[in-house]
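The values are calculated or read from the model by the stated rules, or taken from the named source; none is laboratory data. What you see is a predicted model; the values in this text were computed from it and never measured. Because the Cβ atoms are built from the backbone with ideal geometry, glycine has one as well, and the counts that use them run over all protein chains shown. Protein only, heavy atoms only, side chains kept; ligands, DNA and RNA dropped before computing areas. Shrake-Rupley method; radii C 1.70, N 1.55, O 1.52, S 1.80 Å.
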Amino acid sequence: MSEKKYPLKKVLLICAKGTLEDVLATLVMANGAVMEGIETKVFFTFFGLDAITKKRMNKLHTETVGNPAMRMPGGLPFPTILGMLPGVEAGVSAMMKKQIEALDIPGVEEFLMMIDAGGGEIYACKLAMDMFKLTKDDLVDEVKGVLTVGEFYEMADGLQTQIIFT
Amino acid sequence: MAQKEIAGKMIDLDENGYFTDPDQWSKEVALAYAAEHGDTLTDKHLEVIEYIREKVKSGQTLTIRSIGKSGIVDIKGFYKLFPGAPLKKATKYAGVSKPASCV
């Protein structure tokens, strides 16, 4: 007898960080779920709000300080002190963006459009918006609403639903 | 691997229902195979399917993004044509293997 399977029907993703790689991780997971026909909702909070803030979304950077997994081109360890020099973070981020584009991975703005086009839903966290003094007008059009934590949890109703904090 | 008769032809399919030999594909087979899954293919569907076949034949990675840039259909339209999991559905009807892409 084969075991009965319960495929995922709904995912709720939370993005709380604003570095390029953290945001992209969330977006890849979200878009991937949409592509599979899974109901998808993405919730941006704290610094993750940068990813849906019009003024900042295309200027996200890679973390060059305190990132032990960082490597120089060629594979040597990347000294943290280098990451502190002016312009290094921008340079590293530009390089990262180039590599990402080469793999046909879209930028943040285009990714959000793709998720929205596929029926995925994008939300912002009310508390973090108040904290950063942002209004709905500061956010991209794809944002469907500003939610409290409680409203977010309410969306996780139904069976075969998962909440993923990236 | 299993064989299945579609539109009067024997087609080799993998365990997920994807063609293992793209050369066994024809328009008639695609129409019949889609109908089996409850989908009716229009000329627009077939245009997208042809694009997918070309792209796969030339060895390029297939992504939703590339289909959105194909000029045939935008991403929203692609989801409308093949509701649910568009890339999986479209590749299945296009007679190519399951897409190995995360975007």
task: Between A:Thr80 and A:Ile163, with labels modelled 7 Å along Cα→Cβ, what's the label distance in nm to one decimal, could you check?
output: 3.2 nm
Solvent-accessible ranking of A:Leu20, A:Leu134, A:Leu159, largest area first, probe 1.4 Å: A:Leu159, A:Leu134, A:Leu20
field: Cα-based helix-to-principal-axis angle, B:43-57 vs chain B, degrees rounded to 10
entry: 90 degrees
message: Going through the cross-link list A:Lys17/B:Lys89; A:Lys5/B:Lys89; A:Lys10/A:Lys133; A:Lys4/B:Lys89; A:Lys5/B:Lys57; A:Lys59/B:Lys55, which pairs have a Cα-Cα distance over 29 Å in this structure?
response: A:Lys17/B:Lys89; A:Lys10/A:Lys133; A:Lys5/B:Lys57; A:Lys59/B:Lys55
Residue-averaged [θ]222 nm for chain A, counting only DSSP H segments that reach four residues, each worth -39500 (n - 2.57): -10000 deg cm²/dmol
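Given an 8 Å cut-off on Cα distances and at least 6 residues of separation, report the relative contact order of region A:1-100 as a percent. List each step's numbers first, then the result.
Values: 111 pairs, mean separation 23.7, N = 100.
Computed value for region A:1-100: 24 percent relative contact order.
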message: What is the angle, in °, between the Cα long axis of helix B:27-36 and the longest principal axis of the Cα atoms in chain B? Nearest 10 is fine, range 0 to 90.
response: 90 degrees
message: Please compute the modelled spin-label separation between A:Ala94 and A:Val149, points set 7 Å along Cα→Cβ, answer in nm with one decimal.
response: 4.1 nm
- prompt: Normalised by the residues of region A:51-144, what does the relative contact order come to in percent, with Cα pairs under 8 Å and at least six apart?
  reply: 33 percent
- prompt: Taking only the alpha carbons of region A:33-87, what extent do you get along each of the three principal axes, in Å, biggest first?
  reply: 42, 28, 17
- prompt: Out of B:Val73, B:Phe19, B:Ala90, whose Cα points farthest toward the positive end of the dipole of region B:2-93 (charges: +1 Lys, Arg; -1 Asp, Glu; placed on Cβ)?
  reply: B:Val73
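Kindly give Rg over Rh for region B:1-47, based on alpha-carbon atoms, with the Kirkwood expression for the hydrodynamic radius. Intermediate values should be presented prior to the final figure.
Values: Rg = 10.5 Å, Rh = 11.0 Å.
Dividing the radius of gyration by the Kirkwood radius yields 0.96.
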message: Can you tell me which of A:Gly91, A:Gly107, A:Gly74 moves the most in a GNM of chain A? Springs connect C-alpha atoms under 10 Å apart.
response: A:Gly74
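Using alpha carbon coordinates only, what is the Rg to Rh ratio of the protein assembly as shown, with Rh defined as the Kirkwood radius? Walk me through the numbers before you get to the answer.
Details: Rg = 21.4 Å, Rh = 20.7 Å.
Reported Rg/Rh, Kirkwood definition of Rh: 1.03.
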Whole-angstrom gap from region B:28-45 to region A:68-126, using each part's C-alpha centre: 40 Å
- prompt: Taking the C-alpha atoms of region A:12-165, how large are the radius of gyration and the largest Cα-Cα span, Dmax, in Å?
  reply: 16.4, 50
message: From Cα pairs below 8 angstrom and at least 6 apart in sequence, can you work out the relative contact order of region B:2-93, rounded to a whole percent?
response: 22 percent
- line: Taking a crude spin-label model, label points 7 Å out from Cα along the C-beta direction, the B:Glu54 to B:Lys76 distance in nm is 2.5 nm
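For region A:1-59, run through the trypsin sites (Lys or Arg not before Pro) and keep only the ones in DSSP coil with at most 14 other Cβ atoms within 10 Å of their Cβ.
On the way: sites: A:Lys4, A:Lys5, A:Lys9, A:Lys10, A:Lys17, A:Lys41, A:Lys54, A:Lys55, A:Arg56, A:Lys59; in loops: A:Lys4, A:Lys5, A:Lys9, A:Lys17, A:Lys54, A:Lys55, A:Arg56.
Within region A:1-59, the qualifying trypsin sites (Lys or Arg not before Pro) (loop, at most 14 other Cβ atoms within 10 Å) are A:Lys4, A:Lys5, A:Lys9, A:Lys54, A:Lys55.
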field: Viscosity 1.306 mPa s, 10 °C: Kirkwood-radius Stokes-Einstein D of region B:2-93 over Cα pairs, µm²/s
entry: 118 µm²/s
- prompt: Add -39500 (n - 2.57) for each DSSP H run of 4 or more in chain B, then divide by its residues: what number comes out at 222 nm, to the nearest 500 deg cm²/dmol?
  reply: -12500 deg cm²/dmol
- request: For every other residue with a beta carbon closer than 13 angstrom to the beta carbon of A:Lys9, add +1 if it is Lys or Arg and -1 if Asp or Glu, then tell me the sum.
  value: 0
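Ignoring ligands, DNA and RNA, what accessible area per residue does the protein assembly as shown give at 1.4 Å, in Å²?
Values: 14640 Å² over 269 residues.
Value returned for the protein assembly as shown: 54 Å² of accessible area per residue.
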query: So how strong a dipole does chain A carry about its Cα centre when Lys and Arg Cβ are +1 and Asp and Glu Cβ are -1, to the nearest 20 debye?
result: 260 debye
